[in-house]
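Single-structure report; data block below.
The values are calculated or read from the model by the stated rules, or taken from the named source; none is laboratory data. Quick caveat: nothing in here was measured; it's all calculated off a predicted structure. Every residue, glycine among them, receives a Cβ derived from its backbone with ideal geometry; neighbour counts consider all protein chains shown. Accessible surface is based on the protein model in full, side chains and every heavy atom, while ligands, DNA and RNA are left aside. Shrake-Rupley method; radii C 1.70, N 1.55, O 1.52, S 1.80 Å.
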Amino acid sequence: MISFDDRVLSEYRIKIAKIETLSKSILSHREPKGLECRGASDFLDVLINETDKFYEDNSEVLSNNGKKPHVRSRLPENKKWIENIEKFYEKNPRRKPRK
């Protein structure tokens, strides 16, 4: 059976993938200032807000598993999150992401 933590982590992974896919398509579009890109940019803002809310709601699980808010996130850094992430990587040094 799938645990709650695994469900939260996989949902967060999916949300991040959606943001990355949409941002790459906006950047590589043939008309970057066209109507399609403006609409996609507005939708990207909605996705980022949704992901930020999801991170806030499930921050304990995500930070305890080494997940930081997304790079495009508008969340302020939280000391508790940073401490949890550092503890995770101290326990699991091989899982540390590349910089």
**Fill in**
Over the chain, with neighbouring protein chains present, the accessible area per residue in Å² at probe 1.4 Å is 78
**Asked** Looking at the square roots a ≥ b ≥ c of the eigenvalues of the Cα gyration tensor of the chain, which shape do they give, rounded for a/c under 1.5, prolate if a/b is larger than b/c, or oblate?
**Response** prolate
**Fill in**
On the accessible surface of the chain, probed at 1.4 Å with all protein chains in place, carbon and sulfur together account for a percent value of 52
**Item:** Of Leu27, Val61, Gly39, farthest towards positive along the dipole that unit charges on Lys, Arg, Asp, Glu beta carbons give the chain
**Value:** Leu27
**Request:** Arrange the residues Asp52, Asp5 by how much accessible surface each exposes, largest first, with a 1.4 angstrom probe.
**Result:** Asp5, Asp52
**Message:** Can you compute the charge dipole magnitude of region 53-99 about its Cα centre, using +1 on each Lys and Arg Cβ and -1 on each Asp and Glu Cβ, nothing else charged? Give it in debye, rounded to the nearest 20.
**Reply:** 360
**Request:** Calculate the spin-label point distance for Ile2 paired with Glu31, positioning each point 7 Å from the Cα along the beta-carbon direction, and give it in nanometres.
**Result:** 3.9
**Complete:** Applying the span-like rule to the chain (DSSP H, Cα extent along axis at least 20 Å, Kyte-Doolittle mean at least -1.0) gives 4-27, 35-57
**Prompt:** For the chain, what is the charge dipole size about the Cα centre, in debye to the nearest 20, if Lys and Arg each add +1 at the Cβ and Asp and Glu each add -1 at the Cβ?
**Reply:** 560
**Complete:** In this structure, the FRET efficiency calculated for Ser41 and Asn64 from their beta-carbon separation, with R0 = 22 Å, to the nearest 0.05, is 0.10
**Item:** Sparse-neighbour loop sites [GluC sites (Glu not before Pro); region 56-99; at most 13 other C-beta within 10 Å; DSSP]
**Value:** Glu77
**Message:** Taking 0.36 nm per residue of sequence separation and subtracting the Cα-Cα distance, how much length would be gained by fully extending the chain between Ile14 and Glu56, in nm to one decimal?
**Reply:** 13.5 nm
**Estimated FRET transfer efficiency (Asn49, Lys87; beta-carbon r; R0 30 Å; 0.05)** = 0.60
**Request:** Would you give the gap between the C-alpha center of region 1-34 and the C-alpha center of region 51-99, rounded to a whole Å?
**Result:** 17
